[in-house]
Amino acid sequence: AEKLIIQSEKLKAIGEIAAGVAHEVRNPLTVISGFVQMMNNDKNSPYAFYTNLIESEIDRINLIIGEFLVLSKPHAMQPKEFKIDKVITDILTLYRPELQLRNISLTENWHANDLTVKGDVNQIKQVFINIIKNAVEAIEKEGDIIITIDKTSNHFFTICVTDNGSGMKKEVVENIFKPFYTTKETGTGLGMMITEKIILEHEGQITINSEYGKGSSITIKLPYIKA
Ligand code: ADP
Ligand code: MG
C-alpha cells in the first residue's frame, strides 16, 4: 500500500509539472506557428520546404502538449459531483458518427444507472475518450466495441470497454502505462499514462486484459458516492 501511495504521489507530481509546462509552452508556440504559416503563404519563398516541415513538426508538438492540458494546473483540481451516465452518454454521442463510418458496432450494457461520482469531470471524460480512441484504432476494418457498466459494491462501480481489435502482446501490456510508449506510427504514447494517472488520483483502479489477435478489455473501477 505504501508503495502505491508513493507511486501515486509521484504520478501526481509528474502530471502537475507536465500540465504546467504544457500551458507555458503553448503560448510561444502559437506565436511561432503564426509566423511559419505566414511564411508558408508566400508562394515565392525559397524556404517553403523547410517552413512546411516546421509547420508539421509544430502540429506534432501541439498534439503532444494537448495530451497534458487536461491535467489540472497545480492545485487547481476542484472535485465536483457529477453523473457518470451523462459522461459516458456524451462521449458515445461524440464517437457515434466515426463508429458508423468505420463499421464498428457499439453495444451498451447498463447494469447500473444514476451513479454520482466526485472528481474532475473533464479528466474523467478524457479517460474514456482515450480508451475508446484506442479501441477504435485497434479495429482495422470492422468490429465491435462493448461497454459494460456494473455496480460491484456499495462503494465501487466498473466500466469495461471491450474491443475485438488487434489485441496486445504481453510486452505491450507491460509497458502500456509508460510515457511515450506507443506501437503506432503517429501515436504519442501518452494516452494510457495519463488515463492511469487520472484514475489513481480518483482513487480508482485500471486493469488491462488482452489477447493478441483477439482483442482487449480495459476495466476502470471507480468509487461512487450516490446511486
Ligand atoms: P497511443 O495510442 O498514442 O499509442 P496510448 O498510451 O493510448 O498511446 O497506448 C499505448 C499503446 O497501448 C498503443 O500504442 C497500443 O499498442 C496499446 N493499446 C492501447 N489500447 C489498446 C487496445 N484497445 N487494443 C490494442 N492495443 C492497445
Ligand atoms: Mg491512445
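Just so it is clear, none of the values below were taken in a lab; they were calculated from the coordinates. Everything quoted here is computed from the prediction, not taken from an experiment. In this analysis, Cβ positions are derived from the backbone assuming ideal geometry, glycine residues included, and neighbour counts consider all displayed protein chains.
Are any of the residues in region 105-126 under 17 Å from the mean Cα position of the chain (by Cα) and part of a strand (DSSP E or B)? Taking every residue of region 105-126 in turn, at least one turns out to be under 17 Å from the mean Cα position of the chain (by Cα) and part of a strand (DSSP E or B). Among the residues of region 128-138, is any away from ligand 2 (no atom under 14 Å from the Cβ) and surrounded by 14 or more Cβ atoms within 10 Å (Cβ to Cβ)? For region 128-138, residues away from ligand 2 (no atom under 14 Å from the Cβ) and surrounded by 14 or more Cβ atoms within 10 Å (Cβ to Cβ): absent.
Answer with yes or no whether Lys178 is under 16 Å from Val136 (Cα atoms), exposed (fewer than 14 other Cβ atoms within 10 Å of the Cβ) and within 13 Å of ligand 1 (Cβ to nearest atom). Criteria not met by Lys178. Out of Lys197, Lys184, Lys226, one residue alone is more than 15 Å from ligand 1 (Cβ to nearest atom) and either in contact (Cβ under 8 Å) with a residue 40 or more places away in the chain or not polar (S, T, N, Q) (or both). It is Lys226. Scanning region 153-187 for residues that are over 29 Å from Asn62 (Cα atoms) and within 15 Å of ligand 2 (Cβ to nearest atom) returns no hits.
Working only within region 203-223, note down all residues that are crowded, with 20+ Cβ neighbours inside 10 Å and assigned to a loop (DSSP other than H, G, I, E, B). The one that is crowded, with 20+ Cβ neighbours inside 10 Å and assigned to a loop (DSSP other than H, G, I, E, B): Gly204.
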